[in-house]
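Enquirer: Before we start, here is the structure in question, set down as structure tokens.
The values are calculated or read from the model by the stated rules, or taken from the named source; none is laboratory data. Source: prediction; values computed, not measured. Methodologically, a virtual Cβ is constructed for each residue, glycine included, from the backbone with ideal geometry; neighbour enumeration extends over all protein chains shown. The area values use the complete protein model at the heavy-atom level, side chains included, leaving out ligands, DNA and RNA. Shrake-Rupley method; radii C 1.70, N 1.55, O 1.52, S 1.80 Å.
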Amino acid sequence: MAHYIDSEHPIILAHRGSRYLTPENTLLAYETAIEFGADVLELDVYLTTDGHLVVHHDPVVNRTTNGVGPITDMSLAEIRALDAGYRITADGNTFPYRGLGVVVPTLDEVFTTFPNVGINIEIKLDSVETAEALASVIRKHNAEGRVLVGGRHCGGVRHFRKLLPQVPTSACETEGILFVLSSLLRVPRLWLWMVHEPRPAALQMPRQSGALLLAQPLHINNAHSLGLKVHF
């Protein structure tokens with residue numbers, strides 16, 4: 001399959017799956033997102049105490065499950081015992097996904113369940129260990145040609161690039177800030193001098209940061225002039 005980073009058309013990234021319809025970052029959420037026409041699944045990963053990558057947005061399980069505490073302090077068995085559908089509610093009174101066996105998935109399960117779907121993976125912590133585990137799982141599933149890896153923190157992302165330089169990545173926060181500054185100065189190619197190879201293939205940014213509008217033609221066109229894709 002062609003990598004989605006090479007698409008000439010806009011793509012739909014399902015952020016945490018169908019998070020407003022089903023328990024976010026679960027296999028059910030991703031299945032529903034694909035049914036609704038998503039092109040790419042977006043997810044976040046953390047490393048458990050026993051070395052497994054699990055898919056979850058927050059660093060703690062409090063908001064989405066019936067458990068409490070940081071993911072990085074838990075084993076896979078402890079996380080799998082949690083009800084990932086426990087908190088989702090449309091009206092604050094009913095909880096239709098409680099007790100249905102919805103669990104926090106592993107990244108292995110996502111790759112196995114969706115073998116022909118592009119996957120956008122965010123390394124949530126500035127962790128070399130997470131980057132190394134992620135590279136290992138990607139190799140295991142021969143998924144180099146259908147993933148893009150990113151993260152706010154530069155340490156983990158840059159370490160991942162050294163491990164799998166053929167896998168496209170998005171800009172970390174510092175690289176994104178340098179791009180916006182170069183773009184505002186009307187010298188986007190200055191960014192090429194400030195960011196070393198292997199460089200990001202994409203910018204993944206909010207539409208707006210404070211009073212600064214990022215989703216504007218100036219930045220989009222400047223990014224494209226550098227060969228960067230833009231994801232909001």
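Enquirer: State the number of residues belonging to region 118-135 that are outside any helix (DSSP H, G or I) and either touching a Phe, Trp or Tyr at 6+ places or on another chain (Cβ under 8 Å) or over 20 Å from residue 76 (Cβ atoms) (or both).
Expert: 7
Enquirer: Consider residue 115 against the criteria (1) open to solvent by 50 Å² or more (accessible area, probe 1.4 Å); (2) outside any loop (DSSP other than H, G, I, E, B): it satisfies all of them except one. Which criterion is unmet?
Expert: The number of the failed condition is (2).
Enquirer: If residue 170 meets every condition in (1) farther than 30 Å from residue 108 by Cα; (2) in contact with a strand residue (DSSP E or B) (Cβ under 6 Å, 6 or more places away or on another chain) apart from one, which number is that one?
Expert: Evaluating residue 170 over (1) farther than 30 Å from residue 108 by Cα; (2) in contact with a strand residue (DSSP E or B) (Cβ under 6 Å, 6 or more places away or on another chain) leaves (1) as the failure.
Enquirer: Tell me, please, whether a residue that is in contact with a strand residue (DSSP E or B) (Cβ under 8 Å, 6 or more places away or on another chain), open to solvent by 70 Å² or more (accessible area, probe 1.4 Å) and in a loop (DSSP other than H, G, I, E, B) can be found in region 61-80.
Expert: Yes - at least one qualifying residue is present in region 61-80.
Yes or no, residue by residue, for (1) under 29 Å from residue 37 (Cβ atoms); (2) hydroxyl-bearing (Ser, Thr, Tyr); (3) open to solvent by 10 Å² or more (accessible area, probe 1.4 Å):
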{"position": "120", "(1), (2), (3)": "yes, no, no"}
{"position": "156", "(1), (2), (3)": "no, no, no"}
{"position": "168", "(1), (2), (3)": "yes, no, yes"}
{"position": "173", "(1), (2), (3)": "no, no, yes"}
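Enquirer: Within region 82-102, is there a residue that is closer than 30 Å to residue 201 by Cα, over 14 Å from the mean Cα position of the chain (by Cα) and surrounded by 19 or more Cβ atoms within 10 Å (Cβ to Cβ)?
Expert: Looking only at region 82-102, we keep the residues that are closer than 30 Å to residue 201 by Cα, and these are none.
No.
Enquirer: Would it be correct to say that residue 133 is within 21 Å of residue 38 (Cα to Cα), of a type outside the set (S, T, N, Q) and out of contact with any Lys or Arg (no Cβ under 6 Å at 6 or more places or on another chain)? Lay out the reasoning, then the answer.
Expert: Working: within 21 Å of residue 38 (Cα to Cα): no; of a type outside the set (S, T, N, Q): yes; out of contact with any Lys or Arg (no Cβ under 6 Å at 6 or more places or on another chain): yes.
No.
Enquirer: Return the only residue of 164, 184 being open to solvent by less than 40 Å² (accessible area, probe 1.4 Å) and either closer than 27 Å to residue 28 by Cβ or of a type outside the set (D, E, K, R) (or both). Outline the logic, then answer.
Expert: Values: 184 fails: open to solvent by less than 40 Å² (accessible area, probe 1.4 Å).
Answer to the selection: 164.
Enquirer: Further question on the same structure: I want to confirm something. Restricting to region 3-60 and keeping residues that are assigned to a loop (DSSP other than H, G, I, E, B), hydrophobic (A, V, I, L, M, F, W, C) and touching a residue at least 24 places away in the same chain (Cβ under 8 Å), which single residue is surrounded by the fewest Cβ atoms within 10 Å (Cβ to Cβ)? Quick ask: steps written out before the conclusion?
Expert: Initially, region 3-60 is screened for residues assigned to a loop (DSSP other than H, G, I, E, B), giving 3, 7-12, 16-26, 36-39, 48-52, 56-59.
If we keep only those that are hydrophobic (A, V, I, L, M, F, W, C) as well, we get 11-12, 21, 36, 38.
Those left that are additionally touching a residue at least 24 places away in the same chain (Cβ under 8 Å): 11-12, 38.
On the way: 11: 14, 12: 11, 38: 20.
Applying the filter and picking the extreme gives 12.
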